[in-house]
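Following this message is one structure expressed as structure tokens.
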């Protein structure tokens, strides 16, 4: 039996990847070298559920669960805007762009995925779902002053809307970790089919 590292996500269009790369380049130009490990733009996605180590014989059951979840939500769209840091701009570990979806469809979809996957041995997250697109992660060995300056840069960087994303389905994705960044391979795409 082979084990795969997997997650469930909404994949993004190439046009949005290009806009996210522009933001990364803008921030990187004013950031000390090696302070932030930037995510490859083409790999940026909206994670709904990280599964981690997944036996390959569970993939079909996961796909069936995703089909049940996708049947509860109709296609919808979200807006991508705002820059921020987790946990905050004073102690940034992660820099992100926000995802705004006021109708509640995204939150319903994420809950439906959690409910469908939980019986397969993937318990629900203990923390609230905060949809975002990760641009980069700060170096654990960074000096506090550098982190503070980076957080201030993020806070003062204007961030207009990057546009909207039409969500028509969810994907089960395999992640292969490499020294130069993860390589993502879609294992399944399940269209949203709710009313």
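Between the helical axis of 14-29 and the dominant principal axis of the chain, each derived from Cα atoms, what acute angle in degrees is found, rounded to the nearest 10?
Taking Cα atoms only, the helix is inclined about 30 degrees.
Output the relative contact order of the stretch 50-195, whole-number percent, from Cα pairs under 8 angstrom with separation of 6+ residues.
Contact order relative to length: 35 percent.
Relative to the longest principal Cα axis of the chain, at what angle does helix 105-117 sit, 0 to 90 degrees, rounded to 10?
60
Can you give the log10 of the normalised intensity I(q)/I(0) at q = 0.15 Å⁻¹, computed with Debye over equal Cα scatterers of the chain?
Scattering profile of the chain, log10 relative to I(0): -0.95.
Could you list, bin by bin from short to long, the percent of Cα-Cα pairs of the stretch 1-53 in 5 Å steps?
Each 5 Å bin holds this share of Cα pairs: 4, 17, 20, 18, 16, 14, 8, 2, 1, 0.
Oh, and also: Points 7 angstrom from Cα along the Cβ direction at residue 176 and residue 130: gap in nanometres?
3.3
Using only Cα atoms and rounding to the nearest 10 degrees, what angle (0 to 90) does helix 144-156 make with the longest principal axis of the chain?
The two axes meet at around 80 degrees.
In addition: With the chain treated as a Gaussian network of Cα nodes joined by springs under 10 Å, which of 108, 37, 143 yields the largest mean-square fluctuation?
In the Gaussian network model the winner is 143.
Binning every alpha carbon pair distance of the stretch 83-195 at 5 Å from zero, what are the percents per bin?
Binned Cα distances yield the sequence 2, 9, 14, 17, 19, 18, 12, 7, 2, 0, 0.
The numbers here are math on the coordinates, done by the rules we state, and not lab data. The structure displayed is predicted, hence computed values, not measured ones. A quick note on method: Cβ atoms are made from the backbone with ideal geometry, for glycine too, and the neighbour counts reach across all protein chains shown.
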